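Only one structure is covered here, and it is reproduced in the block below.
Derivation of every value follows stated rules applied to the coordinates shown; laboratory data play no part. Everything quoted here is computed from the prediction, not taken from an experiment. Backbone-built Cβ (ideal geometry, glycine too); neighbour counts: all protein chains shown.
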Amino acid sequence: MSTLNTVPAPDEVGRLYDRLTAMDTEGQGGSLHLGYWDLGALDVPLVEAADRLTDMMAERLRLSPGQRVLDVGCGLGQPAARIAAAEDVHVTGVSISREQVKRATELAEKADFASRLEFQHGDAMRLPFADASFDAVVAIESIFHMPDREQVLAEIARVLKPGGRITLTDFFARGPIPDDQKEAVERCLRDFIMTLADVDDYLPMLRRAGLRVVELWDISEHSVGPTFAQMASVDNHQLDPVFDAEEKKFTPADLVDVDEFGSLLLTAQKPG
């Protein structure tokens, strides 16, 4: 199911994001995911492009006021807060990182709509929610941290109400990684404890999980390259304490020109 990498361990992923959260010393939060750009407007700042991707995903959920949304891999809660504010819905975020949950909760308490936000620690492989608890689910760049994508999709299907939608983004191999770029890709996957999906696996996985595909879209050209290009233009030495100093570390510049490192946007629905 994955390439060039080993199966992530949830506890290890949790510790990674605990460390990354600790680096946010000013407590500002923010989105930790890629952006989305129109190809003629690549100068839009990453923070705006990241919000745009969140908005695009929320639109695909077709939400109505008062509904309940689950954010799987919620980070510091900025996407959840953005969705709750824009759509007048209640969003529950879940993360394997206890520090992320703590920080997201602190930030949410400052929002005018804090009653519509909550965050809790949990493993997406065994979601701590009852069947049919949510009207919709969003998972922004989190499923590639999971040991088994199909089990996560089955858990999402279990907690979704009939007719509910899931939208997610995932990294995948658009083609064979060239030999001279494998080291850079492997470094990224190692440092961020991820796997690359095989896009051909998604349709059968969805069927077995009890979901049906609505949309499967390769957004790589609008997302991956522009994000890494903007990240590469700033100082990334703040990541130095996060990774093993004895190994060469990933830097965003490593992947700017790796066209085979792709991102997909998937929307699926639970029949009903």
Where labels lie 7 Å past Cα in the beta-carbon direction, separation of Asp112 and Gln181 in nm
4.5
Explain nothing, just compute: Karplus ³J(HN,Hα) = 6.51 cos²θ - 1.76 cosθ + 1.60, θ = phi - 60°, for every residue of the range 251-262 in order, whole Hz, x for Gly and Pro.
10, x, 4, 4, 10, 4, 10, 8, 5, 7, 7, x
Most packed first (mean Cβ within 10 Å per residue), the peptides 220-233, 66-79 order as 66-79, 220-233
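Please give the calculated 222 nm ellipticity per residue for the chain, where each DSSP H segment of at least 4 residues contributes -39500 (n - 2.57) and the sum is spread over every residue; nearest 500 deg cm²/dmol?
Numbers: 8 runs with 95 residues, N = 272.
Mean residue ellipticity, 222 nm, calculated: -11000 deg cm²/dmol.
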Mean separation of Cα contacts under 8 Å, 6 or more apart, over the residue count of the chain: relative contact order %
23
Relative contact order for the range 39-96: what is it in percent, counting Cα pairs under 8 Å that are at least 6 residues apart?
35
Tell me, what ³J(HN,Hα) does each residue in the range 131-136 have, in order and in whole Hz, if you take phi through Karplus 6.51 cos²θ - 1.76 cosθ + 1.60 with θ = phi - 60° and put x for Gly and Pro?
4, 6, 8, 10, 7, 7
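Provide the gained length on full extension for the span Ala232 to Asp148, in nm with one decimal, where the gain is 0.36 nm per separating residue minus the Cα-Cα distance.
Working: separation 84, 0.36 × 84 = 30.24 nm, distance 3.07 nm.
Gain on stretching Ala232 to Asp148: 27.2 nm.
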Cα pair distances of the chain binned at 10 Å [whole percent]
7, 30, 40, 20, 3, 0
Which percent, nearest 5, of DSSP beta bridges in the chain are antiparallel?
50
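Any idea how many Lys pairs in the chain come in under 26 angstrom at the alpha carbon, given 8 or more places apart or on separate chains?
Here the count comes out as 4.
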Quick check: residue separation of Thr6 and Arg207 times 0.36 nm, minus the Cα distance between them. What number comes out in nm?
69.9 nm
Integer Hz, Karplus 6.51/-1.76/1.60 couplings in order for the range 62-75, x for Gly and Pro
6, 7, 10, x, x, 6, 10, 10, 9, 10, 8, x, 7, x
Could you point to the residue in Pro226, Ala104, Gly164 farthest towards the positive end of the chain's charge dipole, with +1 and -1 charges on the Cβ of Lys/Arg and Asp/Glu respectively?
Gly164
